[in-house]
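Please treat every number below as a calculation from the coordinates, not as lab data. It should be emphasised that the depicted structure is a prediction, and the values quoted were computed from it without experimental measurement. Because the Cβ atoms are built from the backbone with ideal geometry, glycine has one as well, and the counts that use them run over all protein chains shown.
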Amino acid sequence: MVALALLSRILAASIGCYGLASLWSIALALAWPGPRADGVMLGLVSAFAIGTLAVLWVFAASTAWRAWAGLLLPAAMLAGIVFWPDLP
């Protein structure tokens, strides 16, 4: 059972953190009020920090369920920004 929890955290740290950082990058690029190139660069650079913090969160969470929830809830909010149809 401990091995499955560890495997779940490893998957969350690799797949979940990649998805969260990607959504962060896209959402920031779309929502940035200035020039598009500045938003893209800021999104890409800050995605490294978001990914690192997400990996730290996954292994610091008390349970694997909490680790996944801590990734999926912000990812769902960012997906709402990315896929919102009226965002310019």
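Shape annotation for the chain: C-alpha extents along the principal axes are 49, 24, 16 Å, from largest to smallest.
Placing dummy labels 7 Å off each Cα toward the beta-carbon, the span from residue 76 to residue 14 is 2.6 nm.
Nearest 10 degrees is fine. How inclined is helix 17-31 to the longest principal axis of the chain, computing both from alpha carbons? Taking Cα atoms only, the helix is inclined about 20 degrees. A simple count of charges around residue 72, restricted to other residues whose Cβ falls under 15 Å of its Cβ and scoring Lys, Arg +1 and Asp, Glu -1, yields +2. FRET efficiency for the residue 31 to residue 52 pair, using the beta carbon distance and R₀ = 22 Å, is estimated at 0.55. Using only the alpha-carbon atoms, how far is helix 36-60 inclined from the longest principal axis of the chain? Give it as 0 to 90 degrees, nearest 10. With both axes taken from Cα atoms, the answer is about 10 degrees. Applying 0.36 nm per residue to the separation of residue 69 and residue 4 and subtracting their alpha-carbon distance, the gain on full extension is 21.7 nm.
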